[in-house]
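Participant: Below you will find the structure I want to go over with you.
The values are calculated or read from the model by the stated rules, or taken from the named source; none is laboratory data. The shown structure was predicted, so the numbers you read here are calculated from the model rather than taken from an experiment. Methodologically, a virtual Cβ is constructed for each residue, glycine included, from the backbone with ideal geometry; neighbour enumeration extends over all protein chains shown.
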Amino acid sequence: MQGSVVRGPAVCVVQCCNGACSCCLRSVKPRTPVGAWCSSHLDPARAGAPLISRSTRFYGGVEKRKMFIHRVTLKGLKPAATYVYHCGSDDGWSDMFTFTALNDSTSFRSQETQLGMYDVILHIGDFAYDMHEDNARIGDEFMRQIQSIAAYVPYMTCPGNHEATYNFSNYRNRFSMPGQTESLWYSWNLGSAHFVSISTEVYFYLEYGQELLFKQYEWLKKDLEEANKPENRAVRPWIITMGHRPMYCSDDDQDDCTKFDSYVRLGRNDTKPPAPGLEDLFYRYGVDLELWAHEHTYERLWPVYGDKVCNGSKEQPYVNPKAPVHIITGSAGCRERTDRFNPNPKDWSAFRSTDYGYTRMQLVNATHIYLEQVSDDQYGKVIDSIWVVKDKHGYSAWF
Ligand SMILES: [Fe+2]
């Protein structure tokens with residue numbers, strides 16, 4: 001969860017998940033201490049939850065604009081409790097915001113938020129076009145602009161290619177996702193789902209460390225293995241991944257999945273050792289749903305594996321599908337506008353739209369997920385929707 005202060009000398013970002021809330025304050029000097037004040041509507045006794053704070057520094061470009069990020073983590077939050085908070089220091093304090101700590105129940109449905117509809121926002125890479133520009137002032141402005149959402153609802157991210165400059169420093173420094181990878185890859189649980197966020201960019205920016213690709217792969221294997229333990233899969237049957245560059249797409253451009261085989265899907269042979277792709281791994285561990293972006297369009301695929309359509313049945317493709325379901329939801333908008341489509345997509349392409357828009361997902365229960373695509377160009381009209389229904393999860397569900 002994140003909020004940004006527009007008054008005073010600092011910009012503040014707060015992010016929360018899994019029972020902890022991390023408050024970030026961006027300032028131009030190494031000001032400490034940074035504080036956060038937090039209290040629960042439902043449990044006033046929890047006001048002043050334990051704080052852990054730390055500061056990091058990064059530079060904003062050729063100007064060497066020095067920026068300090070101060071993070072305060074609040075632990076021991078009560079699941080589903082609503083908290084009031086602000087953050088800052090003697091240099092200035094933010095407005096008051098509220099957030100609701102994530103519900104740790106595996107069977108809850110949508111809870112009330114400021115928007116009344118969403119428990120979490122997923123932003124699948126490519127922020128602000130680009131956060132590093134104008135010596136990272138674009139990044140500052142972007143954080144201010146998302147405050148009306150991100151101050152109230154957990155805002156979960158993964159890196160895209162537009163974050164690559166200065167080794168993803170604006171991404172790594174501005175967001176505070178779970179785990180110890182500077183938000184590059186991580187996982188978390190929500191309701192009946194285990195979410196896994198990855199960096200597809202480790203397949204492309206080898207100059208920042210080829211070892212990252214292998215580290216992520218090994219971590220993914222362990223994480224998916226853990227999620228597939230019978231006791232875990234029984235309570236969180238859905239495994240949902242999000243990553244920036246898709247394995248499949250049918251846009252009419254030079255991108256890696258349109259005219260070339262996707263590195264993310266099949267790996268790379270020009271590294272030593274060869275780098276494994278993710279399609280086999282995700283298939284083997286029974287990933288149910290894969291969310292992608294990067295292409296400036298929306299595209300829904302039939303269940304697909306190995307370039308082949310694997311529908312549940314002809315009549316009901318998404319009922320007990322025989323392979324993961326892929327959705328490319330990259331049409332939120334940017335200065336490059338939307339992409340054009342290849343007029344002759346492959347068989348796995350089920351529905352495509354170039355309308356600006358976004359995807360809504362509802363985790364209904366252990367067997368049902370609902371997805372719909374909202375068109376901004378058509379004033380909020382739902383232009384596509386599916387139910388993914390699974391009686392069984394995991395590798396054996398494919399057969
Ligand atoms: Fe991209």
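Participant: Quick check on region 311-326: of everything there that is in contact with a Phe, Trp or Tyr (Cβ under 7 Å, 6 or more places away or on another chain) and not basic (Lys, Arg), which residue is farthest from Cys249 (Cα to Cα)?
Facilitator: Gly312
Participant: Right, something else. Could you list, in sequence order, all residues of region 185-227 that are under 25 Å from Gly394 (Cα atoms) and without any contact (Cβ under 8 Å) to a residue 40 or more places away in the chain?
Facilitator: Within region 185-227, Trp185, Tyr186, Lys215, Gln216, Glu218, Trp219, Lys222, Asp223, Glu226 meet the criteria.
Participant: Looking for whichever is more than 18 Å from the chain's Cα centre (by Cα), at pLDDT 95 or above, closer than 25 Å to Ile121 by Cβ and not β-branched (Val, Ile, Thr) here; the options are Lys381, Lys314. Which one fits?
Facilitator: Values: Lys314 fails: closer than 25 Å to Ile121 by Cβ.
Exactly one residue qualifies, and that residue is Lys381.
Participant: A follow-up question, please. Among the residues of region 129-166, which ones are of a type in the set (Gly, Ala, Ser), surrounded by fewer than 21 Cβ atoms within 10 Å (Cβ to Cβ) and within 15 Å of the ligand (Cβ to nearest atom)?
Facilitator: Ala164
Participant: Here's something else I'd like to know. Inspect all residues belonging to region 188-195 and state whether any of them is closer than 25 Å to Ile369 by Cβ and within 16 Å of the ligand (Cβ to nearest atom).
Facilitator: No, because not a single residue in region 188-195 is closer than 25 Å to Ile369 by Cβ and within 16 Å of the ligand (Cβ to nearest atom).
Participant: Could you check how many residues of region 228-266 are without any contact (Cβ under 8 Å) to a residue 12 or more places away in the chain and either of a type outside the set (Asp, Glu) or under 30 Å from Thr367 (Cβ atoms) (or both)?
Facilitator: 7
Participant: I need the full set of residues from region 326-348 which are of a type in the set (Gly, Ala, Ser) and surrounded by fewer than 20 Cβ atoms within 10 Å (Cβ to Cβ), in order please. Write out each step before concluding.
Facilitator: From region 326-348, those of a type in the set (Gly, Ala, Ser) are 330-333; that's our starting set.
Passing the criteria: Ala332, Gly333.
Participant: Considering each residue of region 289-320, count those that are outside any strand (DSSP E or B), away from the ligand (no atom under 16 Å from the Cβ) and surrounded by 23 or more Cβ atoms within 10 Å (Cβ to Cβ), and give that number.
Facilitator: Looking only at that region, the number is 1.
Participant: Return yes or no: is Phe204 within 16 Å of the ligand (Cβ to nearest atom) and more than 30 Å from Val364 (Cα to Cα)?
Facilitator: Yes.
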